[in-house]
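A.B. asks: Below you will find the structure I want to go over with you.
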Amino acid sequence: MEQEKITTAKTAETEKTAKISKKRILSGIQPSGDLTLGSYLGAIRNWAALADEYDCYYMLADLHTLTVRQVPAELRRHTLTQVAAYIACGLDPEKNVLFVQSHVPAHAQLGWVLDCYTMFGELSRMTQFKDKSAKNADNINAGLFTYPALMAADILLYQADLVPVGGDQKQHVEICRDIASRFNGIYGDVFKIPEPYIPQVGARVMSLTSPESKMSKSDKDPNGCVYMLEKPEDIARKFKKAVTDSDASVRFDPAGKPGVSNLMQIYAAATGRTFEAIEAEFAGRGYGDFKKTVGDAVVELLRPIREETEHLLADKAYLEGVYRAGAERAAYTANRTLSKVFKKVGLLAR
Ligand code: TRP
């Protein structure tokens with residue numbers, strides 16, 4: 001009995017040490033709409049595989065969505081659905097900290113402090129700011145401009161080592177590093193300088209109708225974007241309409257054949273097949289056949305996730321428990337960094 005107790009204590013100690021030495025990951029997606037096939041294949045699916053090796057924090061960046069006008073009830077619905085979808089995609093809430101950004105006030109608090117250490121000039125050079133202000137010419141608000149400082153706060157609060165992001169977000173991780181180094185340069189080593197982390201596996205999924213641009217929920221053509229929780233018949237229809245070319249051969253060539261190559265990427269990600277195997281499978285067959293097969297594969301890939309998400313959404317109390325516990329765990333880590341920052345800059349302790 002006594003022996004058993006000692007062993008248990010030892011295991012707990014080892015686990016604690018392991019936890020401390022594990023590298024930390026933070027990432028997030030804005031709940032500004034329904035999750036896309038692109039965010040599943042390019043991000044969330046890979047996150048689930050990281051839980052054993054890393055100490056993982058995954059956020060729903062709801063504060064960031066306010067930079068573009070949202071319909072309040074829709075934002076709430078998207079946020080809750082995204083919590084359920086994270087879990088349905090395999091993010092175990094026991095092994096990962098899943099939380100909603102606005103539930104941890106430290107984000108807004110550190111965001112403000114970092115606003116004061118971020119330069120007008122560097123914010124003006126951000127590609128996303130330029131793109132988004134072109135798209136929302138009637139609402140170029142201050143939040144859209146300072147968005148990167150809030151995102152830097154998201155990352156730095158957790159002393160994250162790695163930030164899994166797609167290529168379009170790399171510039172945000174760069175500016176976060178610049179802000180952190182600037183701050184550390186003045187006050188000493190307050191922040192861990194994070195690295196962008198591009199997982200080895202994972203696809204960059206492009207729009208089905210304009211395969212030169214990333215698949216995105218803000219795509220103007222609704223047929224360009226497939227949603228994770230979409231009905232099978234709608235998914236199948238979108239793949240049938242996908243843009244290809246006049247060459248009639250299934251061959252991987254992203255520059256010359258962007259539409260077909262994108263479909264191959266998706267098919268490879270959905271089935272685990274290699275490009276060579278896919279080329280062989282469709283040799284001598286038409287695009288119609290190819291597009292139908294890819295569509296069916298995606299339907300089957302997403303079916304269990306949609307079903308599990310719907311199942312979880314029926315249990316609001318469970319989901320509430322998950323995001324509350326997540327917020328508590330996240331706040332614990334975040335507040336430690338925030339207190340340090342407040343102290344360093346000279347704010348009087350309460
Ligand atoms: N800007 C990210 C996007 O639009 C979302 C985001 C907000 C994020 N905070 C983050 C991503 C922190 C990684 C880390 O995709």
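The values are calculated or read from the model by the stated rules, or taken from the named source; none is laboratory data. The shown structure was predicted, so the numbers you read here are calculated from the model rather than taken from an experiment. Here the Cβ positions follow ideal geometry from the backbone for every residue, glycine too, while neighbour counts run over all protein chains shown. Please note that ligands, DNA and RNA were not included when accessible areas were found on the heavy atoms of the full protein model with its side chains. Shrake-Rupley method; radii C 1.70, N 1.55, O 1.52, S 1.80 Å.
A.B. asks: Could you give me the radius of gyration and the Dmax of region 222-312, taking only the C-alpha atoms into account and expressing both in angstrom?
C.D. replies: Here Rg and the maximum Cα pair distance are 13.4, 45 Å.
A.B. asks: I want the local charge near residue 41. Using Cβ-Cβ distances under 13 Å, sum +1 for each Lys or Arg and -1 for each Asp or Glu among the other residues. Write down the numbers at each step before the final one.
C.D. replies: Details: positive: 45, 204, 214; negative: none.
That works out to +3.
A.B. asks: Let me ask something additional. Which chymotrypsin sites (Phe, Trp or Tyr not before Pro) from region 231-334 combine a DSSP loop assignment with at most 14 other Cβ atoms within 10 Å? Display every interim value, and only then the final one.
C.D. replies: Values: sites: 239, 252, 267, 275, 282, 287, 290, 318, 323, 332; in loops: 252, 282.
The qualifying sites: there are none.
A.B. asks: Normalised radius of gyration for the chain, please: alpha carbon Rg relative to 2.2 N^0.38 Å, two decimal places.
C.D. replies: Values: Rg = 22.0 Å, N = 350, 2.2 N^0.38 = 20.4 Å.
The value comes to 1.08.
A.B. asks: Right, something else. Considering amide H positions built from the backbone, and no H for Pro or chain starts, which residues 5 or more places from residue 225, or on another chain, come under 5 Å of its amide H?
C.D. replies: 208
A.B. asks: Please list the three semi-axes, largest first and in whole Å, of the ellipsoid equivalent to region 146-248, using sqrt of 5 times the eigenvalues of its alpha carbon gyration tensor. Let's see the in-between values first.
C.D. replies: Details: eigenvalues 295, 34, 29 Å².
Calculated on Cα positions only, the semi-axes equal 38, 13, 12 Å.
A.B. asks: What is the percent carbon and sulfur in the accessible area of the chain, measuring with a 1.4 Å probe over the protein chains and ignoring ligands? Could the numbers behind the result be given before it?
C.D. replies: Values: 9600 of 17490 Å².
With neighbouring chains kept in place, the figure for the chain is 55 percent.
A.B. asks: Quick check on my link table: of 214/238; 130/220; 132/214; 231/257, which ones sit more than 23 Å apart, alpha carbon to alpha carbon?
C.D. replies: 231/257
A.B. asks: Here's something else I'd like to know. Please work out the average accessible area per residue across region 222-312, using the 1.4 Å probe convention, and give it in Å². Before the final figure, lay out each step's value.
C.D. replies: Values: 4200 Å² over 91 residues.
Value for region 222-312: 46 Å² per residue.
A.B. asks: Can you compute the modelled spin-label distance between residue 274 and residue 130, with each label point 7 Å from Cα toward Cβ, in nm?
C.D. replies: Inter-label distance under the simple model: 4.0 nm.
A.B. asks: Using modelled amide H (1.01 Å from N, peptide plane; none on Pro or chain starts), what sits under 5 Å from the amide H of residue 55, excluding residues fewer than 5 places away?
C.D. replies: 23, 24, 25
A.B. asks: Please give the length that would be gained between residue 140 and residue 347 if that part of the chain were fully extended, namely 0.36 nm times their separation in residues minus their C-alpha to C-alpha distance (nm, one decimal). List each step's numbers first, then the result.
C.D. replies: Working: separation 207, 0.36 × 207 = 74.52 nm, distance 3.13 nm.
Between residue 140 and residue 347, full extension yields an extra 71.4 nm.
A.B. asks: Using packing as a proxy for protection, rank 32-45, 185-198 so that the peptide with the highest average count of other Cβ atoms within 10 Å comes first. If you can, show how the numbers build up before the last one.
C.D. replies: On the way: 32-45: 22.0, 185-198: 15.2.
Ranked by mean Cβ neighbours within 10 Å, highest first: 32-45, 185-198.
A.B. asks: Got a number for the accessible area of residue 175? Probe 1.4 Å, square angstrom, nearest 10.
C.D. replies: 10 Å²
A.B. asks: Take the alpha carbon atoms of region 54-119, find their radius of gyration, then divide it by 2.2 N^0.38 Å using N residues; give the quotient.
C.D. replies: On the way: Rg = 13.9 Å, N = 66, 2.2 N^0.38 = 10.8 Å.
Ratio of Cα Rg to 2.2 N^0.38 Å: 1.28.
A.B. asks: To check you understand DSSP bridge types, tell me what percent of the beta bridges within the chain (both residues inside) are antiparallel, rounded to 5.
C.D. replies: In the chain, DSSP labels about 10 percent of beta bridges as antiparallel.
A.B. asks: What are the DSSP H helices in the chain that stretch 18 Å or more along their long axis, judged by alpha-carbon atoms, and whose average Kyte-Doolittle hydropathy comes to at least 1.0? Could you put the intermediate results ahead of the total?
C.D. replies: Values: long enough: 2-21 (29 Å, -1.15); 72-88 (24 Å, 0.00); 142-156 (21 Å, 1.35); 170-187 (26 Å, -0.43); 258-271 (19 Å, 0.57); 287-313 (37 Å, -0.34); 316-345 (41 Å, -0.42).
The answer, listed by residue number, is 142-156.
A.B. asks: Net charge near residue 145: determine it from the other residues with C-beta under 12 Å of the C-beta of residue 145, scoring Lys and Arg +1 and Asp and Glu -1. Walk me through the intermediate numbers first.
C.D. replies: Numbers: positive: 125, 130, 132; negative: 115, 122.
Charge balance in the 12 Å sphere: +1.
A.B. asks: Round to the nearest 10 and report in Å² the accessible area of residue 23, as given by a 1.4 Å probe over the protein chains' heavy atoms.
C.D. replies: For residue 23, solvent-accessible area is about 110 Å².
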